[in-house]
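Structure record follows, encoded as structure tokens.
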Amino acid sequence: MELDKHYSPQAVEDKWYSYWMDKGFFDSTPDEREPFTIVIPPPNVTGVLHMGHMLNNTIQDVLIRKARMEGKNACWVPGTDHASIATEAKVVKMLAEKGIKKSDITRDEFLGHAWEWKNKYGGIILDQLKKLGASCDWKRTRFTMEEDLSNAVADVFVKLYNDGLIYRGTKMVNWDPAGKTTLSDEEVIYKETQSNLYYVTYKFTDETKHHFNNELGGLQVATTRPETIMGDVAICVNPNDERYKTLIGHTVIVPVVNRVVKVIADDYIDIEFGTGCLKVTPAHDENDYNIGEKHGLEIIDVLDDDGKIHARAGAYVGMDRFACRKQIVKDLEEQGLITKTEHIKNTVGHSERTDAVIEKKISTQWFVDMKEFLKRHPQVLSSVMNDEVKFYPSKFKNVYKHWLDNIKDWNISRQLWWGQRIPAWYDNQGNYVVAKTEVEAYEAFKNKNMTVAAGELKQDPDVVDTWFSSWLWPISVFDGFKEGDKKDYNYYYPTNDLVTGPDIIFFWVARMVMAGYAFNGQKPFNSVYFTGIVRDKLRRKMSKSLGNSPDPLELIEKYGADATRMGLLLSAPAGNDILYDESLIEQGRNFCNKIWNAYRLLAGWEVVDDTKVDATVLKSNQLANEWFKARLQTAVNDVHAAFKDYRLSEALMSVYKLVWDDFCSWYLEMVKPVYGEPINQSTMAEVKANFENILTLLQPFMPFISEELHHALYEGTPAKALIVTDFPKATEVVNLVDDKALAIIAEVRNLRNSKGLSPKVAFEVIVKTEQPANYQGWESIIQKLANVSAISYNADKPEKCISSLIGTDEMYIPYAEMLDEAEEKKKIAEEIDYLKGFLKSVDAKLSNEKFVANAKPEVIEKERQKKADAEEKIQKLESGLA
RNA sequence: GGGAGCUUAGCUCAGCUGGUUCAGAGCAUCUGCCUUACAAGCAGAGGGUCACUGGUUCGAACCCAGUAGCUCCCACCA
């Protein structure tokens, strides 16, 4: 059968994926083997595959495939995350398109729509992972909001509450006006922003003017948020500020609402900033809130949940906060109350999910007491610091520690419907208990000797933060919280590797460690591999708005999954950002093609008995085999070493060079019969075995093409599928073959090239050496690869010839036509000069007493060897010159 | 404002305990080739004051100090 010149992935990928699935190679059940477990960072159900997922899941697949081939019971658990905010927003939007408003339907109706949506679209991203070749155990697919997992969330909530680690409290929290929910501190992204600092005049009251006045007739107050003026309840200055000392205790008039407020003093105020006067708005700023508490000030929240001005403000009611800011500035300017506008840089919090500007707001929410939590579970920090849980790269240990050292309480309640509902129950007076079920809640009230009427209790309407369920993921996917035999949990947990981005180190990684130790007394994973962030060539993050984010499925369609995987892996050393460029994937495609063509070559050979082939060819093929096997083993060892430190791009590069350079460029060329000749049977067997080993090394990285060729190699009936073939083991490299013969080939090619001669010009070669054995047997290979017509040893140096050094051996090429004596002499003289300089530096070292006294013996020995070599070379060159 | 990390070839990066496997790899570039597996290819070649300045050492890309630039994380300055 004629094979196409180019490898076409489309034809083979689906075939092998179904084959693996049908044979159950991805499935895992506990047995006597050593387990190797990875749980997927569950992508959002609403998500579609992006380049970050591609990288992340390719790495997981490489790790899991290698482990599987090493005979471990490999188990990669897939699943999705319900992603409260993102999904709820999507469903709200979808309903809006149908003309349904969330506020017009009941919670149950909404959830009905949401589940319907999830069932319809929630599997898309997992199907996309299959295209990538992900070898997940799909039978184990989990979802963070399925019943068992939600039960675990409720149990954990109740437990933490009973342990005194969850409390309900009123604090200043982050409010997302777009998502209409509170957020944890981690979900607020602070961005540096160009802002205006407005200098607003607060007029003195008549009472104040008796004591103090100025040409403005008021106090200048600097603010970036004039729209909160209606919530001002005081002006605060530093007690040591000479400018305002006499004003403390007196009053000024808040513009817009004409509220009379006091000037108070607090050390918090920075005399240098702005005018040194702060307008105090306790409802909208944490510091203002603290000042307000200290000084017993009123709290006037001027915003509603949408970020619009609330009726409480008494002005601009119903206006959007940003529109209001503009309007107020305009109005105040007209009244002459804004005297200056300064451009400053400050940081403004944005919602991680909706990107809306976050408002600070006083609210009653549920919190986890993190300081106490960590006090009770010190392993959360120590396990990472002492490498019981290993971070790759380790620099993230610092980040982790710093966060834990400065941790704040975790706000876990969200004003959403899509998620696990908070297991707290309230009576009509607002008394509450925490209980998993309504029945237990009534029971709890009774136990507290409080009477409640039947049907009176109402469950808290809020749900928990999505991460409050995700942190249980490595335990809950193995039913670690469920009553029962816990066979899976005991076998698979703790998992081996977690592969994820550093952006969720606090959201998720840290909290999984917490959950692991708190709920089961064990770490969730042995190692964490932090991938980089996928960026474009210009180091910009991939984003929809920039349009620099390619559609991964189109890439797979265009170049094939193997090529895409390779392109991503090559550019992704651990922890470094990966700079995506389509040319990398082209490189992957070219590599697939190279492997494909290597197969085409040997598939075309006619095989005959060894007896039918010349003995010198047999001998040289044997040498070629030995040579290649040593190279192969070296590469295998490199691959293992690289895997040990999760340097996957280096591992792949070792295989790449092995295949392209050692296997294709050298080995196959060595054993390739001259045109029209057959290959002997034993060599063919060796070639196949070597090719097989290469495919095995490739399988974790490029599973499709390697499986395809593995089957092709055995004409469709291999003993085993490649995916479960043993991965080559690291062992000592034996039979290191001296590759002086290769040096001759390179030198001859080089000479021909530098003289501008056609490769078709054949040379005769004479080698002067004390060790002809280094070359003997390679003659036919040298002749074939370097186009040498004849090779002989230690013959007299011809009258006219080109000479060069192969190590310390000499090589002569009698080829008068290309000899330019003058130039040749010049070159040799230059070479001698260089060597003499080199020799001088070596001599300087060796005659340095301190060097000889302090350096390690092997270093000195090396220097002596260098000296001897250089001297020998110089001597030979000089005699050649003469 | 605090902390961490980085700076090696045109680009992206290796370089472990200081010592010719210490100046490397891949890509890109240049030269010559449609050689009967592959032009998505073959054979070659060029290219770096290892950010800068000092120091330690017989010896520094590597250790120390300082300088400059970049990146990330954290932080309540109106």
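Since every read-out is calculated from the coordinates, none of them should be taken as a lab result. Model, not experiment: these values are computed from the prediction. All Cβ positions, even for glycine, are placed from backbone atoms using ideal geometry, and neighbour counts span all protein chains on display.
For the range A:597-680, the residue among A:THR616, A:PRO673, A:TYR656 whose Cα projects farthest onto the positive side of the dipole built from Cβ charges is A:TYR656.
One decimal place: the segment A:THR29-A:ASN213 gains 57.9 nm when fully extended, by the rule 0.36 nm per residue minus the C-alpha distance.
The packing ranking of peptides A:268-274, A:8-14, highest mean first, is A:8-14, A:268-274, where packing means the average number of other beta carbon atoms within 10 angstrom of each residue.
When the range A:746-882 is described by a simple charge dipole with +1 on each Lys and Arg Cβ and -1 on each Asp and Glu Cβ, the residue from A:ALA773, A:PRO857, A:LEU785 located farthest towards its positive end is A:PRO857. Given their separation in residues at 0.36 nm each and the Cα-Cα distance between them, A:THR193 and A:ASP645 gain 158.7 nm when the chain is fully extended.
Pull up the DSSP beta bridges for chain A and report the antiparallel fraction as a percent, rounded to 5. Of the beta bridges lying entirely in chain A, close to 70 percent run antiparallel.
If you sort the three axes of the alpha carbon gyration tensor as a ≥ b ≥ c, you get a/c of 1.5 or more for the range A:597-717 and a/b above b/c, which makes it prolate. Once the chain from A:GLU443 to A:GLN681 is taken as fully extended at 0.36 nm per residue, the excess over their C-alpha distance is 77.4 nm.
Taking a spot 7 Å from the Cα of A:LYS93 along the direction of its beta carbon, which residues of the range A:348-379 have an amide N less than 14 Å from it? The answer is A:353-356, whose backbone nitrogens lie closer than 14 Å to the label point.
Pairs from the list A:LYS537/A:LYS629; A:LYS644/A:LYS720; A:LYS279/A:LYS458; A:LYS797/A:LYS867; A:LYS72/A:LYS118; A:LYS93/A:LYS523 with a Cα-Cα gap above 31 Å: A:LYS537/A:LYS629; A:LYS279/A:LYS458; A:LYS72/A:LYS118; A:LYS93/A:LYS523.
For chain A, the longest principal axis of the C-alpha atoms and the axis of helix A:582-603 are separated by about 40°.
With both labels modelled 7 Å from their Cα along Cα-to-Cβ, the A:LYS101 to A:GLN459 distance reads 2.7 nm. So if R0 is 22 Å, what FRET efficiency would A:GLN771 and A:ALA746 give, r being the distance between their Cβ atoms, rounded to the nearest 0.05? With R0 = 22 Å, the Cβ-Cβ based efficiency is 0.75. Computed on the range A:317-417, with alpha-carbon pairs under 8 angstrom and 6+ residues apart, the relative contact order is 27 percent. The packing ranking of peptides A:786-793, A:356-363, highest mean first, is A:356-363, A:786-793, where packing means the average number of other beta carbon atoms within 10 angstrom of each residue. Quick one: dipole size for chain A, taken about the Cα centre, charges +1 on Lys/Arg Cβ and -1 on Asp/Glu Cβ, in debye to the nearest 20. About 880 debye.
When +1 charges are put on Lys and Arg Cβ atoms and -1 charges on Asp and Glu Cβ atoms, the dipole computed for the range A:585-706 relative to its Cα centre reaches about 260 debye. Toward the positive end of the charge dipole of the range A:309-387, with +1 on the Cβ of Lys and Arg and -1 on the Cβ of Asp and Glu, the farthest Cα among A:LEU337, A:THR364, A:MET385 is that of A:THR364. Among beta bridges identified by DSSP and lying wholly in the range A:494-644, the antiparallel ones come to about 10 percent. Classify the range A:1-57 as rounded, prolate or oblate, taking a ≥ b ≥ c as the square roots of the eigenvalues of its Cα gyration tensor: rounded when a/c is under 1.5, otherwise prolate if a/b is larger than b/c and oblate if not. Here the range A:1-57 falls in the oblate category.
In the range A:439-453, which residues have a backbone nitrogen under 18 Å from the label point lying 7 Å from A:GLU483's Cα in the Cα-to-Cβ direction? Flagged as within label range: A:439-441. Here's how it looks for A:HIS350: its modeled amide H is under 5 Å from those of A:ILE189, A:TYR190, A:LYS191, A:ILE358, which are all 5 or more places away or on a different chain.
Each Cα pair under 8 Å and six or more residues apart adds its separation to the average, and for the range A:506-649 the resulting relative contact order is 22 percent. The range A:397-459 and the range A:604-620 have Cα centres lying 80 Å from one another. Each of the peptides A:279-288, A:53-62, A:719-728 was scored by the mean count of other Cβ atoms within 10 Å over its residues; in descending order, highest first, they stand as A:53-62, A:279-288, A:719-728. Amide H contacts of A:PHE36 (H built 1.01 Å from N, in plane; Pro and chain starts excluded): A:ASN73, A:ALA74, A:CYS75 sit under 5 Å, all sequence-distant by 5 or more or on other chains. Taking the Cα centre of the range A:95-173 as origin and assigning +1 to Lys and Arg Cβ atoms and -1 to Asp and Glu Cβ atoms, the resulting dipole is close to 280 debye.
Over all other residues within a Cβ to Cβ distance under 14 Å of A:PRO772, the charged ones net out to -3, with Lys and Arg as +1 and Asp and Glu as -1. Axis of helix A:740-754 versus longest Cα principal axis of chain A: the two differ by about 90°, to the nearest ten degrees.
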